[in-house]
Structure formats: C-alpha cells, structure tokens
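Beneath this line is the structure, given in structure tokens, with notes to follow.
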Amino acid sequence: MAKSFTPEEVEVLRKNPYTAYVDEKMITFTVAFKVAFMDLYRKGYPPRKILPELGYDLEMIGKSRLNGISQQIRLQAESDTGFQQGRTRRRPLSETPPDEVAALTDRQMIHRLEVEITYLRQELEFIKKITSPDSSDRRKD
C-alpha cells in the first residue's frame, strides 16, 4: 500500500506542472508528463531516474507508487487509446446515471469536474488549431 501524502507534500506536488491532481492518497499526472516519461524510458532511463528528472522527489512518491506509475504509463502507451489525463478516462458527469452521481463524495465530484474541464479545454484548443488558417497560407500585403 502506498504511503499517504502529508499536507505539505500535497502542496509541493500540486506545484509541479506535470501534476494533474493530488490529494493525501493519490496523485495523477498530465498527458505531457506521460509523454516525457515514455520518451526518457525509451532512451533507457530507469523510472527512479525519470521522476527526479521531471521534478518529483522519489522519497515523497515512494517505491510502491513509483512501480505503479511506471506500469500504468507503459500500459497506456501500448493501449489503443493512448495516454489519458489523470488515471483513466471516465464518462462525463452529464452521461453518468443520477444514482452514481448521487453516490459521489464532494471531493470526487470536484475532481471529476476538474478533469472534465481540463479535457474540454484541451479539446477546444485542438479544435481552434485545426480550424484556424495556417499562417503560411496568409498573404502578406
């Protein structure tokens, strides 16, 4: 079982731009972290060297959590869906049955909304990029 994070550790971890979500029991990572992790892993870096390279203290993360992080990232890299923000891609709350929504704690609800907002923002940025005219196509007067 992974160790719990102290409130001070949660604050330190939250400041890392690669952290998608952290509380006293868990940490999830951004897609950018997972891509960077796999790039270094494929270059031969062991996970115990990759996390410090990406700004995480190994003592704070813990050995069992390090093994789990490495395994999950490698599984996502090999999956058909690729990397997902946080742990797994959940249904949006709008598609979740009301009885399941009612069973969520406030913290779980906030986390799911944060993840959904982040995903929608990324999706919007992607749409903006693919629909905007390419700067090389613009004529200069």
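The values are calculated or read from the model by the stated rules, or taken from the named source; none is laboratory data. This structure is a prediction, so every number in the text was calculated from the model and none was measured. As a convention, Cβ positions derive from the backbone with ideal geometry for all residues, glycine included, and neighbour counts pool all protein chains shown. Ligands, DNA and RNA are excluded from the accessible area calculation, which covers all protein heavy atoms including side chains. Shrake-Rupley method; radii C 1.70, N 1.55, O 1.52, S 1.80 Å.
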### Summary
Checking 31, 12, 115 against a Gaussian network model of the chain (alpha-carbon springs below 10 Å), the top fluctuating residue turns out to be 12
### Summary
Karplus-derived 3J(HN,Hα) from phi for region 50-67 (6.51 cos²θ - 1.76 cosθ + 1.60, θ = phi - 60°), whole Hz, x at Gly and Pro, runs 5, 4, x, 4, 9, x, 10, 7, 4, 5, 5, 6, x, 5, 5, 5, 4, 4
### Query
Rule-of-thumb check for the chain: C-alpha Rg over 2.2 N^0.38 Å?
1.25
### Cα-centred dipole magnitude for the chain, charges only on beta-carbon of K, R (+1) and D, E (-1), debye, nearest 20
500 debye
### Query
Pulled fully out, how much extra length does the chain show between residue 105 and residue 63, if you take 0.36 nm times their separation in residues and subtract their Cα-Cα distance?
12.2 nm
### Query
If contacts are Cα pairs under 8 angstrom and at least 6 residues apart, what is the relative contact order of the chain in percent?
20 percent
### Query
In region 4-92, carbon and sulfur make up what percent of the accessible area (probe 1.4 Å)?
50 percent
### Message
At 222 nm, what value in deg cm²/dmol follows for the chain if DSSP H runs of at least 4 each add -39500 (n - 2.57) and the sum is divided by all its residues, to the nearest 500?
### Response
-17500 deg cm²/dmol
### Task
Work out the FRET efficiency for residue 130 and residue 53 from their Cβ-Cβ distance, taking R0 = 35 Å, and round it to the nearest 0.05.
0.65
### Per-residue HN-Hα couplings for region 24-40 [Karplus 6.51, -1.76, 1.60; θ = phi - 60°; Hz; x = Gly/Pro]
5, 10, 8, 9, 10, 10, 6, 4, 4, 4, 5, 5, 4, 4, 5, 4, 5
### Task
Would you mind telling me which residue in 19, 28, 131 has the biggest mean-square fluctuation in a Gaussian network model of the chain, where springs connect alpha carbons within a distance under 10 angstrom?
131
